[in-house]
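Reading through the structure tokens given below for one structure.
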Amino acid sequence: MQIDKKILVVGATGFVGPALVEEFSNAGYSVICGVRNLASAARQLSFPNVEFMKVNLNEDLDPDVWLERLEEHEVDGVVNNVGIANSFGGQSLENVNVLAPLALFKAVQHYCQDNRSFRGKPHDIPVIQISTTGANWPDCDKYEYPRTKKQIDEVLVQTDGLRFIIVRPNIIYEPGRGHLLLEEIARLSIIAYIGGSDIQPIHCRELAIGIVRLMKNPSVANRSILQAVGPEVMTWEKVFKSVCNALGRKHCIFMRFPLLIGQLFTSISQKLPDNSLGNLGVLAKMDDQTIEMMTKGSTGDNSEWLKKTQLEPITLFNSYKKFGKSRDTYNKYIQDIREKITDYS
Ligand SMILES: NC(=O)c1ccc[n+]([C@@H]2O[C@H](COP(=O)([O-])OP(=O)(O)OC[C@H]3O[C@@H](n4cnc5c(N)ncnc54)[C@H](OP(=O)(O)O)[C@@H]3O)[C@@H](O)[C@H]2O)c1
């Protein structure tokens, strides 16, 4: 059923962006995709009721630029999904993670105020900001990525008169896509990992479907921070073993390496051509801080996330088990998650 509302998804490409756009489109919303490259976005995002808008958060630091965009498209809700973990490509984390989102949020505030003054609609639009559980680390200021994410979260919390929900995901995964191709890693005879800390990976669809549900009913979590973490506390070793078991791969050797070796691997991987990384099950280039953050671990309490989204959590083992059976089995599993409403009260 078509919903008469337009959602602006800023950062509609990459890994999580397309899942958000697909889930909003599936749910009947019109979606304005804020992207840097219009042609490649159009190829990636061929879903119904989708339009494109060129944005660049390294440069769009003026609230007026965003206000004009919100007015032109009569936006009813905003998701800021953009986040960069390092400055590859000459980007500034300060601009992309903090100053441009700040300009966007100021524009939303003005947009709502102006609409209210002129008795126009919409006048109370919600903003959903995708953050990270790294912002919960007591020493997050040591790392530029979670520090900048926390900084913009704090600005939102201090902004009066804005409806917002901050969602802090843990490591995000999805069979067949994403930065970590766990099914490719499970094919390797030797699986190397670093660190023994606990993480709580969340399935990308659980995140995207949950965000659509929050946008449908934002008052359930207005002005709150939700920890979007998966249902199981796992080490990286357990993650890899779970995927191997789910896919019936039983002969792997697991080897734990010190962080220094991981950092050596990342400095070599930065010199490799992008397309050769897929053979190692990794798609995004990493720097020393990114690999250190991945081994630091972080866990959280997902009870509010599940309560507000009424989602059935997706387990890593189940999703790879279904994925290993067939595409149809996996798609049916995800469709069931989309349709099921779980009341936790
Ligand atoms: N993946 C995870 O495990 C994880 C965990 C916790 C939190 N998060 C957060 O989740 C969000 C999505 O993550 P992801 O893994 O999907 O990241 P991703 O694949 O790197 O995608 C990031 C998105 O940001 C866009 N972007 C980057 N620089 C931009 C700029 N200057 N102007 C406009 N758009 C720009 C990218 O566009 P292009 O396609 O043009 O590059 C892409 O759409 C981020 O906020 C991230 O911090 C991710």
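The values are calculated or read from the model by the stated rules, or taken from the named source; none is laboratory data. Predicted, not measured: the structure shown is a model, and the values here were computed from it. Ligands, DNA and RNA are excluded from the accessible area calculation, which covers all protein heavy atoms including side chains. Shrake-Rupley method; radii C 1.70, N 1.55, O 1.52, S 1.80 Å.
Tabulated data
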item: Relative contact order of the chain, defined on C-alpha pairs under 8 angstrom at six or more residues apart (%); result: 15 percent
item: Alpha-carbon Rg with Dmax, taken over segment 63-184, Å; result: 16.2, 55
item: Too-long pairs where the Cα-Cα distance tops 26 Å, listed order kept, from LYS6/LYS325; LYS296/LYS325; LYS106/LYS340; LYS54/LYS121; LYS241/LYS340; LYS121/LYS216; result: LYS6/LYS325; LYS296/LYS325; LYS106/LYS340; LYS241/LYS340
item: Residue-normalised accessible area of segment 125-192, given per residue in Å² at a 1.4 Å probe; result: 37 Å²
item: Sulfur and carbon atoms: percent of accessible area, the chain [1.4 Å]; result: 50 percent
item: Accessible surface, segment 1-120, averaged per residue in Å² (probe 1.4 Å); result: 44 Å²
item: Accessible heavy-atom area order of MET255, MET234, highest first, probe of 1.4 Å; result: MET255, MET234
item: Kirkwood hydrodynamic radius (C-alpha pairs) into Stokes-Einstein, the chain, 37 °C and 0.692 mPa s, D in µm²/s; result: 158 µm²/s
item: Value of relative contact order over segment 188-263, rounded to a whole percent, pairs C-alpha under 8 Å and six or more apart; result: 59 percent
item: Relative contact order (%) - segment 168-323, alpha-carbon pairs under 8 angstrom, separation at least six; result: 38 percent
item: Considering only the chain, percent of DSSP beta bridges that pair antiparallel, nearest 5; result: 10 percent
